Amino acid sequence: MAMGGKQTVSATQMSILFYIFMTGSSIINIPGPIIESAKNGAWISLLIACAGGVILLSVVTHLYDRHPGQCLIEMGRTLVGPWITALLALLFISCLFHISAGIVLDIGLFLNSSMMRQTEIPIMLAMMFACIAITVRCGIETITRMFVLLVAVVVFSVLLVLVLSIENYKLSFLLPILPDGWKPVWLGAWSSFGFPFQELAIFTMLLPYIRQEDHKRVRRGLFAALFVNAFSLIAATLSTLMTFGPMAGERKYSMFEVARLIDLGEALQRIEVMIGISLIVASYMKATIALYVLSLTIAKLFNIPDERLVVSPLALISFVLSLLALRPQEVGWVELVQYVHPLWGMFAFTVPLFTLYVASLVRKRQRPTS
Amino acid sequence: LLAIALYLGAKLIFHTSWPDLYDMVNAVIGGPARQIAKALKTTP
């Protein structure tokens with residue numbers, strides 16, 4: 001409910017928004033690359049990455065508890081001063097541009113490779129960005145209310161596919177768990193820590209929107225959402241492994257491929273379209289949250305009173321960036337997401353978060369003596 | 001912001017070699033990122 005002009009959401013709504021952001025496109029995109037890296041140990045990689053996510057979320061909630069009404073930029077100004085904040089914000093913004101552009105590009109690539117082969121990718125990307133920009137302009141209250149309904153569609157579709165695929169599962173495909181030792185598992189953990197767990201840092205920009213009376217309840221909700229997210233990703237990964245076995249790593253949109261194999265007495269088949277819809281909806285939701293946070297960060301950094309003013313230009317920049325990411329280059333798109341993105345996220349999200357955390361602890365120690 | 005959009009748009013349309021976000025990121029952390037991936041990859 002809007003209070004004094006500022007939009008607010010409840011702790012439960014924020015937790016659902018968090019789950020959407022973390023699970024969004026990753027439940028459909030994650031299993032393939034992680035299995036390719038870690039083979040049968042992919043689920044262990046996800047557990048390790050989730051442990052990293054728990055540490056990051058602890059830092060996020062610690063900072064939120066200490067500075068409840070402040071976003072990352074405001075906390076930075078209080079704790080480390082405006083110049084270091086500007087430097088950290090630039091890194092943060094660079095990765096947010098990449099996330100916004102990347103998610104929408106993934107939708108375009110998926111549609112182009114599986115459903116609409118004749119349609120030019122830029123047309124799909126332009127339409128998606130227009131849709132996302134309009135949603136972002138509606139504000140966090142509208143976004144949250146709408147997304148709660150949409151996430152139900154995604155969760156239902158994925159659950160349906162996981163359950164209906166039971167007859168295709170072969171438990172023996174899960175063994176051996178570590179065919180090539182632990183190193184591939186760490187590579188999988190590194191990739192999945194980068195996408196999606198490290199990205200949870202962006203919620204430092206959204207937590208100030210929680211209603212004042214819900215401040216104390218949000219911690220439990222966020223951790224619950226993180227664990228449900230890890231469980232969802234592991235379930236999707238195990239399903240892919242049990243369905244395709246050694247070939248699982250070669251499936252790019254693995255849940256889509258798992259759904260393709262469902263054939264129950266000729267009455268229930270070709271339900272992969274539900275996963276297709278889920279991928280588009282989930283990616284749209286995640287990209288909306290990313291663009292919203294991007295506009296918020298830029299507005300706070302440059303003291304722009306209304307973040308809606310910058311939404312359209314930011315969507316335009318993200319659109320062009322997504323097209324630029326498609327060019328043939330030294331590091332291809334898949335390699336960029338799998339290997340460069342985790343390190344990028346480390347500088348853009350983890351370093352700023354821990355800088356503020358350390359500064360917050362130092363301030364806490366200094367306060368009683370001063 | 002519009003200037004950045006125009007710059008990127010010009011780069012895209014005219015296929016210039018002007019640096020964009022991805023070029024800069026690749027130049028700065030592309031090497032170390034690939035080193036990490038290489039170190040963790042196994043060749044059975």
- Going through segment A:8-29 in order, the residues found to be more than 15 Å from the chain's Cα centre (by Cα) and β-branched (Val, Ile, Thr) are A:Thr8, A:Val9, A:Thr12
- Go through segment A:152-208 residue by residue and tally those that are over 30 Å from A:Ile73 (Cβ atoms) and not small (Gly, Ala, Ser). 31
- Query: Taking the stated definitions as given, is A:Pro184 away from chain B (no Cβ under 14 Å) and buried (at least 23 other Cβ atoms within 10 Å of the Cβ)?
  - Reply: no
- Message: Being part of a helix (DSSP H, G or I), within 14 Å of chain B (Cβ to nearest Cβ) and of a type in the set (S, T, N, Q): is that true of A:Ser37 here?
- Response: yes
- Query: Of the residues that sit in segment A:169-181 and are hydrophobic (A, V, I, L, M, F, W, C), more than 14 Å from chain B (Cβ to nearest Cβ) and assigned to a loop (DSSP other than H, G, I, E, B), which one is nearest to the chain's Cα centre (by Cα)?
  - Reply: A:Ile177
- Query: Do we have any residue at all in segment A:166-174 that's within 26 Å of A:Phe110 (Cα to Cα) and not aliphatic (A, V, I, L, M)?
  - Reply: yes
- Which listed residue is modelled with pLDDT under 90 and either of a type in the set (Asp, Glu) or under 18 Å from the mean Cα position of the chain (by Cα) (or both), from A:Gly41, A:Gly32: A:Gly32
- Task: Take segment A:188-217 and flag every residue that is in contact with a helix residue (DSSP H, G or I) (Cβ under 6 Å, 6 or more places away or on another chain) and assigned to a loop (DSSP other than H, G, I, E, B).
- Result: A:Phe195, A:Pro196, A:Met205, A:Arg217
- Task: Among the candidates A:Leu105, A:Leu56, A:Leu46, A:Leu96, single out the residue that is modelled with pLDDT under 90 and closer than 30 Å to A:Phe156 by Cα.
- Result: A:Leu105
- Message: For segment A:242-261, which positions are farther than 15 Å from A:Val158 by Cβ and surrounded by 24 or more Cβ atoms within 10 Å (Cβ to Cβ)?
- Response: A:Ala248
- Restrict the check to segment A:326-340 and report whether at least one residue is modelled with pLDDT of 85 or more and either buried (at least 20 other Cβ atoms within 10 Å of the Cβ) or among the aliphatic types (A, V, I, L, M) (or both). yes
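Table: residues versus (1) under 23 Å from A:Thr288 (Cβ atoms); (2) in a helix (DSSP H, G or I); (3) in contact (Cβ under 8 Å) with a residue 12 or more places away in the chain.
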residue: A:Thr78; (1), (2), (3): no, yes, no
residue: A:Phe97; (1), (2), (3): yes, yes, yes
residue: A:Gly102; (1), (2), (3): yes, yes, yes
residue: A:Asp106; (1), (2), (3): yes, yes, yes
residue: A:Ala126; (1), (2), (3): yes, yes, yes
residue: A:Cys131; (1), (2), (3): yes, yes, yes
residue: A:Ile143; (1), (2), (3): yes, yes, yes
residue: A:Phe156; (1), (2), (3): yes, yes, no
- Query: Restricting the search to segment A:269-278, which residues are aliphatic (A, V, I, L, M) and farther than 15 Å from A:Leu159 by Cβ?
  - Reply: A:Val273
- Query: Just checking, which of B:Ala5, B:Ala27 is surrounded by 13 or more Cβ atoms within 10 Å (Cβ to Cβ) and either modelled with pLDDT under 85 or more than 21 Å from A:Pro184 (Cα to Cα) (or both)?
  - Reply: B:Ala5
- Message: Give me the residue from segment A:330-346 that is within 7 Å of chain B (Cβ to nearest Cβ) and out of contact with any His (no Cβ under 9 Å at 6 or more places or on another chain) and, out of that set, farthest from A:Gly52 (Cα to Cα).
- Response: A:Glu330
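Rundown of residues vs (1) within 14 Å of another protein chain (Cβ to nearest Cβ); (2) at positive phi; (3) not in a helix (DSSP H, G or I), yes/no style:
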{"site": "A:Arg219", "(1), (2), (3)": "no, no, no"}
{"site": "A:Asn229", "(1), (2), (3)": "no, no, no"}
{"site": "A:Glu266", "(1), (2), (3)": "no, yes, yes"}
{"site": "A:Thr288", "(1), (2), (3)": "no, no, no"}
{"site": "A:Leu291", "(1), (2), (3)": "yes, no, no"}
{"site": "A:Thr297", "(1), (2), (3)": "yes, no, no"}
{"site": "A:Ile317", "(1), (2), (3)": "yes, no, no"}
- Query: Restricting the search to segment A:207-223, which residues are of a type in the set (A, V, I, L, M, F, W, C) and either closer than 16 Å to A:Ile55 by Cα or surrounded by fewer than 16 Cβ atoms within 10 Å (Cβ to Cβ) (or both)?
  - Reply: A:Leu222, A:Phe223
- Message: On the basis of being under 30 Å from A:Glu307 (Cα atoms), in contact (Cβ under 8 Å) with a residue 40 or more places away in the chain and over 17 Å from the mean Cα position of the chain (by Cα), does A:Ile275 make the cut?
- Response: no
- Within segment A:289-300, is even one residue surrounded by fewer than 19 Cβ atoms within 10 Å (Cβ to Cβ) and touching a residue at least 60 places away in the same chain (Cβ under 8 Å)? no
- Note on the structure: Among the residues of segment A:246-264, the number that are closer than 15 Å to A:Glu167 by Cβ and in a helix (DSSP H, G or I) is 3
- Message: Can you pull out every residue in chain B that is within 9 Å of chain A (Cβ to nearest Cβ), more than 30 Å from A:Lys39 (Cβ to Cβ), touching a helix residue (DSSP H, G or I) at 6+ places or on another chain (Cβ under 8 Å) and not in a helix (DSSP H, G or I)?
- Response: B:Leu1, B:Asp20
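The values are calculated or read from the model by the stated rules, or taken from the named source; none is laboratory data. The shown structure was predicted, so the numbers you read here are calculated from the model rather than taken from an experiment. Cβ coordinates were reconstructed from backbone atoms using ideal geometry, including for glycine residues, and neighbour counts include every protein chain displayed.
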